[in-house]
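The values are calculated or read from the model by the stated rules, or taken from the named source; none is laboratory data. Source: prediction; values computed, not measured. As a convention, Cβ positions derive from the backbone with ideal geometry for all residues, glycine included, and neighbour counts pool all protein chains shown.
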């Protein structure tokens, strides 16, 4: 029986933690011995325990790699569990978890990268990617391109595999929007700089000059909630923007909207784009990062130059005034997701990739 360890020290819940939990669960169900090293008390820890997967509580911070005691403690854990392969998700975990695994004799150390931000070209990164990390898995072609953007020799390109994230399609269902009197624009994501929800408030100002019967639903929570609400109030568009907070039911959220808008500055893999398309919602987003891999321009949505808010408003008005085309685009989007982003297919691809490495 192959032993695979997932290492993730993030206490909060995000896309990386979701991927770790789902992939660990899949391999566990396929009868691999799966062990998850995660921050005690964190979201991933609680969810892993609930699924009855072997779990090792850890306490790892940004500077843990400088603490010999922490590294030796992790090394002892790895020696005891003796994994065939280790998968890590973030840079700080490479510095601590991957180093400890290397010292423990773990031969295959995979960095699963989900962020389309260029890796810094510094001494530490050059050393870790040459001497510690053996393979890399990315969630999009765009993410793969950022690995060696700052240094073309940082990591061998033939050791970087692209496998898209997948949706568990059986968990989603379609509810048609019942209120046709108001054109509803939706956005879903963490309220952080990367997601750029502030652009939605500026968009509301533009749309309010042209139409009255619209709403913008913003789902999600984060550090910028107060600032975004204050900006909406200052610009007098708080009457057309509804901050819905953390969303527990994506199906319910998607059933309320006509079009999904994503003004993010960058995305590793825009998971929520696939979700919206599967719910037959046309997409309007910026042509950045992996978005062109998830949205077929002019077929499943519209990809626009970054920060082109005037053009975004035009596309939204076009969709509002062409309901038949809006529906056709939605149907095309659902079909594209079914063909490319089915979790059952993509998780099997990850399993085969890991076995190939081992």
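Residue 280 - would you say it is crowded, with 23+ Cβ neighbours inside 10 Å and in contact (Cβ under 8 Å) with a residue 60 or more places away in the chain? Lay out the reasoning, then the answer.
Working: crowded, with 23+ Cβ neighbours inside 10 Å: no; in contact (Cβ under 8 Å) with a residue 60 or more places away in the chain: yes.
No: the conditions fail for residue 280.
Count, please, the residues in the stretch 77-118 that happen to be in contact (Cβ under 8 Å) with a residue 12 or more places away in the chain and over 21 Å from the mean Cα position of the chain (by Cα).
Residues that pass the stated criteria total 23.
Any residue that is closer than 29 Å to residue 341 by Cβ and assigned to a helix (DSSP H, G or I) - is there at least one of those in the stretch 204-224?
No, the stretch 204-224 contains no residue that is closer than 29 Å to residue 341 by Cβ and assigned to a helix (DSSP H, G or I).
Quick test for you: out of 118, 156, 68, 152, pick the one residue that is surrounded by fewer than 18 Cβ atoms within 10 Å (Cβ to Cβ), within 30 Å of residue 287 (Cβ to Cβ) and modelled with pLDDT under 95. If you could, list the steps in order and put the result at the bottom.
On the way: 156 fails: modelled with pLDDT under 95; 68 fails: within 30 Å of residue 287 (Cβ to Cβ); 152 fails: modelled with pLDDT under 95.
Unique residue meeting the criteria: 118.
Where the second residue is surrounded by fewer than 18 Cβ atoms within 10 Å (Cβ to Cβ) and assigned to a helix (DSSP H, G or I) and the first is in the same structural domain as residue 294 (by TED's automatic domain parsing) and lies in the stretch 243-261, which pairs have Cβ atoms under 7 Å and are six or more apart or on separate chains?
Close Cβ pairs satisfying both conditions: 243/225; 243/229.
With farther than 22 Å from residue 319 by Cβ, surrounded by 21 or more Cβ atoms within 10 Å (Cβ to Cβ) and either modelled with pLDDT of 95 or more or out of contact with any strand residue (DSSP E or B) (no Cβ under 8 Å at 6 or more places or on another chain) (or both) as the only criterion, which of 234, 165 stands out?
So the residue among 234, 165 that is farther than 22 Å from residue 319 by Cβ, surrounded by 21 or more Cβ atoms within 10 Å (Cβ to Cβ) and either modelled with pLDDT of 95 or more or out of contact with any strand residue (DSSP E or B) (no Cβ under 8 Å at 6 or more places or on another chain) (or both) is 165.
Do you know which of the residues in the stretch 168-212 that are without any contact (Cβ under 8 Å) to a residue 60 or more places away in the chain and in contact with a strand residue (DSSP E or B) (Cβ under 6 Å, 6 or more places away or on another chain) is surrounded by the fewest Cβ atoms within 10 Å (Cβ to Cβ)?
Checked the stretch 168-212; the qualifying residue surrounded by the fewest Cβ atoms within 10 Å (Cβ to Cβ) is 182.
Out of 310, 324, I need the residue that is assigned to a helix (DSSP H, G or I), exposed (fewer than 13 other Cβ atoms within 10 Å of the Cβ), in contact (Cβ under 8 Å) with a residue 12 or more places away in the chain and out of contact with any strand residue (DSSP E or B) (no Cβ under 9 Å at 6 or more places or on another chain). Which one? Please lay out each step first, then the result.
Working: 324 fails: in contact (Cβ under 8 Å) with a residue 12 or more places away in the chain.
Among 310, 324, only 310 is assigned to a helix (DSSP H, G or I), exposed (fewer than 13 other Cβ atoms within 10 Å of the Cβ), in contact (Cβ under 8 Å) with a residue 12 or more places away in the chain and out of contact with any strand residue (DSSP E or B) (no Cβ under 9 Å at 6 or more places or on another chain).
Scan (1) touching a helix residue (DSSP H, G or I) at 6+ places or on another chain (Cβ under 7 Å); (2) modelled with pLDDT under 95; (3) over 30 Å from residue 239 (Cα atoms) for the single condition residue 132 breaks and write down its number.
For residue 132, the exception is condition (2).
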